[in-house]
Amino acid sequence: MAMGSGSTIKIIAIILMVIGVGLALWGYQLSGSVGSQITQAVTGSDTDKVMTFYITGAVSFVVGIYLFAKY
């Protein structure tokens with residue numbers, strides 16, 4: 001590997017963690033929308049869009065932590 005590749009991977013890891021937190025927060029904000037609240041009242045669960053943001057954010061955050069710890 002090149003000499004600076006470890007620091008490059010750490011920067012990518014930090015970016016992934018920030019994106020993960022951002023997506024999770026965005027999903028949380030979407031869950032408070034009128035459409036999501038109506039869906040929650042009728043079905044008892046979050047909408048697919050909200051769950052997609054939660055899952056994508058969590059996966060991005062976990063991959064970022066893994067890369068940061070590994071390199």
Tell me yes or no: at least one residue of segment 38-49 is touching a helix residue (DSSP H, G or I) at 6+ places or on another chain (Cβ under 7 Å), open to solvent by less than 90 Å² (accessible area, probe 1.4 Å) and β-branched (Val, Ile, Thr). yes
Of ILE55, ILE9, ILE19, ILE15, the only residue that is at pLDDT 90 or above, open to solvent by less than 70 Å² (accessible area, probe 1.4 Å) and not aromatic (Phe, Trp, Tyr) is ILE9
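The values are calculated or read from the model by the stated rules, or taken from the named source; none is laboratory data. What you see is a predicted model; the values in this text were computed from it and never measured. Don't worry about glycine lacking a Cβ; one is built from the backbone with ideal geometry, like all the others, and counts go over all protein chains shown. Each accessible area value is taken on the protein alone, full model and side chains, heavy atoms only, with ligands, DNA and RNA left out. Shrake-Rupley method; radii C 1.70, N 1.55, O 1.52, S 1.80 Å.
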